[in-house]
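The values are calculated or read from the model by the stated rules, or taken from the named source; none is laboratory data. Model, not experiment: these values are computed from the prediction. With ideal geometry, Cβ positions are generated from the backbone for all residues, glycine too; neighbour counts draw on all protein chains shown. Protein only, heavy atoms only, side chains kept; ligands, DNA and RNA dropped before computing areas. Shrake-Rupley method; radii C 1.70, N 1.55, O 1.52, S 1.80 Å.
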Amino acid sequence: MAPSLPVELRTVYRMLKMAEATWGEQPALHQPVGQGKYRTYSWVEYTRIAEEIAAGLHSLGIRHGDIVGLASETRAEFYLADTGVMTNGSISAAVYTSLPPAEQVKTLKGCDARLIFIENAKTMRALDSAGLSDLQVPRVLMDGEGEGAITFDQLRAKGREAMQADVGLLERLIDAVQPRDYAILYLTSGATGEPKMGLVTHLSIVSNCECGPPVLPVNDDDRTLAFLPSAHITQRMVMQQLMIRMGVPVYFSEGLTKMPGELRAIRPTFFVAPPRVWERMYASITTEIRKKPAVIRKLFYLGLGVGSEAARARRDGRTPAPWVSSSLKFFDKVVFSKIRTRLGGAMRIAASGSAPLGKDLAEFYASIGLPLIEGYGLTEGGVVALNPIDRPRAGSIGKVLPTAEIRFASDGELLIRGPMVFSGYYKDPDATAAVLRDGWLHTGDIGELDADGYISITGRKKELIVASNGKKIYPARIEGLFKLEPLVNQVLLVGDRLPYVTAVITINQQAAEHLDGVKSGSLLSEVSQSEAVQSEVKRIVQRVNRQLAPFEQIRKFKILEREFSLEAGELTPTMKLRRGKVIENLRGEIGELYVGRDSID
């Protein structure tokens, strides 16, 4: 393990330099180049290229405190460019590439980028057609070449030339960067409002990384696969910066369609994915099981029962009963190991982040011998909580990390204080003052702390539904109860200031096509409105209602003929629902749910 940096030296470059001194020529980054082959960068190369990029940027007139935009999918060159920007003392601002080009351009203009790294010529053309050509700043292509931009290699060459011409340049650049200087400008996802841009210092990043060694047992013998968007804090902090601190080699995915094969080939030992990935994997598993003969289905569900009992024993610190242990060996060999093979079969730590994980879903994975380690973080606060690796608790975000402090406001809102908290929103002092008060970050999440120190999040303040009778309902908790239903894709609860709760539901077409009476290959609009789907969703809603208090129960629901979409503004780049936008877009459909008083039996 690399030694810890003293507070007065905590910059991203010095953290990378410490990694280079510790792991040297060992592999750090593996960028796919096609046909299952990779271009591997050692820690020495990682550091040298970051230095070249820093000097190259300086030669182009990019100075300390200037903002540099990055418009690229997650790849090795993003890591190299990102670190080079920060080594130069500049501020790195990545955009969500899943957003329409016009939205990306709006962000790049709004953050006053002085130079932009762009993934390739195709991306550059798309951005130019959306108005990026109005922004007269230098461009660097990470991959390939294109008119009006210099290449990644040309930028590196400029850096080498600058350092040869001025032997003291690099040292001056490094010494000029102080821990409290800004390093990253994050774009918030905008789940509960318009996206904002949050400034984070080198000290915040490195201090957050220092929380890793006591709680996350990974090192240079491990390997991981990165695929999340680099604009998101889970990817940027955990899969990029923390991997530098821990020395973990990172492989980069070529995309979700290729990821199943990559998982089997790379066999990661540490893997982080959002709940949507774990939900889809669960839906795929259970859909396949339902197609198996009755004896196989029975074997699977018997095994789940045994696995669940073993997981409860581990959670409670008990040794499982002898019959449980012996039975589990059989089920693990015959059933569960085959499921884990989908993820490569070597995974020691599987983590879930970027959105709440359903308790039932967490319990399923614990039962098959792959407990999901859920953590908690946010753009403005860094990563502040993680479940203990040896005793994760389903439905909890874990325990507060070292150096972070938490408390709860009178209304249950979670407040955070610590060196990982951001400095404020870019050019928005009013918004900053609204969330940073008396040194505490007001997260907007409602939660509670149990006697064992585990934190649970029950909902968002802005998403709270107050029924017409004054009762408070937290929609996220109820929506989470649908996550073990393969047929249901997403759910949005409605009912604020209304006489009862209703739901808007989208379905998983693949799961729907396995229902009797549903024709394979039909349009989603036809499948969603079929009698079989309507009847099955009604049964699912009834099952969920049995777990709820009367005032929380869903009285009516509407199955959409489509999915919620990013293009319609209904999803954030991290696939979270924008409730206000969905309700605005579906005002007519929702209004129909409150006509008359008929309801689900």
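Checked against a 25 Å cut-off, the cross-linked pairs Lys17/Lys196; Lys106/Lys558; Lys359/Lys462; Lys37/Lys329; Lys359/Lys576; Lys37/Lys106 give Cα-Cα distances beyond that limit for Lys17/Lys196; Lys106/Lys558; Lys37/Lys329; Lys37/Lys106. In the chain, the convex hull through the Cα atoms has an average projected area of 28.5 nm², a quarter of its surface area.
Taking the empirical scaling 2.2 N^0.38 Å for compact globular proteins as reference, the range 1-127 has a Cα radius of gyration ratio of 1.13. Using the Karplus relation 6.51 cos²θ - 1.76 cosθ + 1.60 with θ = phi - 60°, the per-residue 3J(HN,Hα) values for the range 115-126 come to 7, 10, 8, 10, 4, 7, 5, 4, 4, 4, 5, 5 Hz, with x marking Gly and Pro. Label point of Ile389 set 7 angstrom out along Cα-Cβ; within the range 251-266, amide nitrogens under 20 Å from it belong to 251. Residues of the range 396-420 with an amide N closer than 19 Å to a point placed 7 Å from the Cα of Asp452 along the Cα-to-Cβ direction: 396-402.
Here's the picture: charge each Lys and Arg Cβ at +1 and each Asp and Glu Cβ at -1 in the chain, and of Met243, Leu357, Ser72 the one pushed furthest to the positive end of that dipole is Leu357. Near the amide H of Val501, within less than 5 Å, lie the amide hydrogens of Arg555, all on another chain or at least 5 residues away, with H placed in the peptide plane.
Scaled to the globular estimate 2.2 N^0.38 Å, the Cα spread of the range 494-541, given as radius of gyration, is 1.35. The sum of -39500 (n - 2.57) across all DSSP H runs of n ≥ 4, divided by the residue count of the chain, sets its helix-only mean residue ellipticity at 222 nm to -10500 deg cm²/dmol. Local charge for Lys461 was computed over the other residues whose Cβ lies under 12 Å away, with Lys and Arg +1 and Asp and Glu -1, and equals -1. Using a probe of 1.4 Å on the protein chains alone, the accessible area found for Met243 is around 0 Å².
On a per residue basis, the chain carries 42 Å² of accessible surface, using protein heavy atoms and a 1.4 Å probe.
Treating each Cα of the range 465-594 as an identical point scatterer and summing with the Debye formula, the log10 of I(q)/I(0) at q = 0.09, 0.13, 0.19 Å⁻¹ comes to -0.25, -0.53, -1.13. Note on the chain: with neighbouring protein chains present and a 1.4 Å probe, carbon and sulfur make up 51 percent of its accessible heavy-atom surface. A DSSP coil position with no more than 10 other Cβ atoms inside 10 Å describes the following GluC sites (Glu not before Pro) in the range 23-83: Glu25. All C-alpha to C-alpha distances of the range 536-601, sorted into 10 Å bins beginning at zero, yield P(r) values of 18, 39, 37, 6 percent in whole numbers. Electrostatic bookkeeping for Leu560 treats Lys and Arg as +1 and Asp and Glu as -1; over the other residues with beta carbon under 12 Å from its beta carbon, the sum is -2.
Taking every C-alpha pair closer than 8 Å and separated by at least 6 residues, the mean separation divided by the residue count of the chain gives a relative contact order of 11 percent. Annotation for Phe408 and Ala130: the two label points, set 7 Å from Cα along the Cα-Cβ direction, are 4.1 nm apart.
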